[in-house]
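Shown next, in structure tokens, is the structure this report addresses.
Just so it is clear, none of the values below were taken in a lab; they were calculated from the coordinates. Here the structure is a predicted model, which is why all the values come from computation and not from measurement. Here the Cβ positions follow ideal geometry from the backbone for every residue, glycine too, while neighbour counts run over all protein chains shown.
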Amino acid sequence: MARLNDEGQWIVMMGFIISISILILAIAVGESSLVGKTTSESVLEFSKCDIQDLRSEIMTLKERGILDNPEIKNDLSEISIQRVSAVTYFSSWKEYNYNYIFLHFNNGVTTYNEVYDEYTP
Amino acid sequence: MVNNIGQLYTIEGVAAGVLMVFTAYLVINSTTVITPQDIHIIDLQLEQLGNDALSVLDTPNSSVLNPDPAENKSYLQRQIENDGGNAFGQNFSFLINSKVNPYESDNLNFNATIYYRDSATGQLRMEEFYQSANYYRENAVKVKRWVYVNPTGQNNPFGLEERDQVVLVEVLLWRG
């Protein structure tokens, strides 16, 4: 049986170290792709634009003074259930010199509640 | 005649070969995996762009206390109440396809639909607002905007009820 030449062990060991470190770096690079995917997915899932849009529409209605119109309340809640797949509700009342608006949004993942107040002398 | 000289050299050679091929495979594979994440980032940017464009078009020039209807109504409201979808289509298309270089334009397409509620029956109805192209199976995102409208008189291109109401403008947006 042939005897192995035991010279050059340093070279063999450095070869192993380098290849294992390349392997670990490759795993790290592979993980980084997952990070971009999960962050953009979670941003897409969060209904930021839906809430901003609902809020801005309710402020428009408040400025026009038609917030208590029952047909408009029905429009918002019905269309919202069917097309935005979210429960929306709002109501307004007056206490002393303040006008309050309560606003609720729930799409099953994100819930948003707000009480908006405005001073009216 | 087969003999057993050099068995260890052969095994070592095979092992080294497997190790090198496996490492090269891992390195090449892990650097090219990066591409799939782009789909979600593009979706995210497209959704933001569409929402921004719609909110630009749905912002009135001045307060609702201004008596001039061209000033106290948003552009989107005026289009739905009076003018129909063509001017909206061109304006929206210009907004989403603008680039930093004014001589270049992007190639985004969209389908816009108006959803409104029939107060007599409570049914949800839809009208086509504008279609810049036919949608087949491209990777698309959906953006929405609530619009306050109060159509009156003879100019009512979508046949909405003549009352204070809120309609939903839904835009399907895709690249291609």
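Here are the numbers for the structure shown:
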item	result
Partner chain coverage, peptide B:54-66 - average Cβ within 10 angstrom	2
Highest-MSF residue in chain A out of A:19, A:47, A:77 [GNM, Cα springs under 10 Å]	A:19
Normalised per residue, the volume of the convex hull around the Cα set of the protein assembly as shown (Å³)	261 Å³
Inter-label distance for residue B:118 and residue A:48, nm, one decimal - labels placed 7 Å from Cα along Cα-to-Cβ	3.9 nm
Lys, Arg +1 and Asp, Glu -1 on Cβ, resulting dipole of the protein assembly as shown about Cα centre, debye, nearest 20	520 debye
Relative contact order (percent, whole number), chain A, Cα cutoff 8 Å, 6+ residue spacing	14 percent
Cα lying deepest toward the dipole's positive end in chain B, options B:17, B:98, B:123, charges on Cβ	B:17
Principal axis box of chain A, alpha-carbon based, largest edge first, Å	100, 34, 18
For residues of B:163-169, the mean tally of beta carbons on other chains within 10 Å	6
15 Å beta-carbon shell around residue B:159, net charge (K/R +1, D/E -1)	-4
Cleavage-rule hits, chymotrypsin sites (Phe, Trp or Tyr not before Pro), region A:1-79, DSSP coil, Cβ neighbours within 10 Å at most 15	A:46
Stokes-Einstein D in µm²/s, Kirkwood radius over Cα pairs - chain B at 20 °C with 1.002 mPa s viscosity	105 µm²/s
Cβ-derived FRET efficiency at R0 41 Å, residue A:35 paired with residue B:82, nearest 0.05	0.25
Trypsin sites (Lys or Arg not before Pro) lying in DSSP loop within region B:100-173, provided at most 16 other Cβ fall within 10 Å	B:137, B:163
Inter-chain shielding of A:8-15 (mean C-beta neighbours from other protein chains, 10 Å cut-off)	1
Per-residue Cβ neighbour rank within 10 angstrom, fewest leading, B:88, B:110, A:102	A:102, B:88, B:110
Volume of the Cα convex hull of region A:48-119, divided per residue and given in Å³	80 Å³
Förster-model FRET efficiency, 25 Å R0, residue A:64 and residue B:94, C-beta, rounded to 0.05	0.30
Potential extension, residue B:7-residue B:41 segment - 0.36 nm per residue separation minus Cα distance	6.8 nm
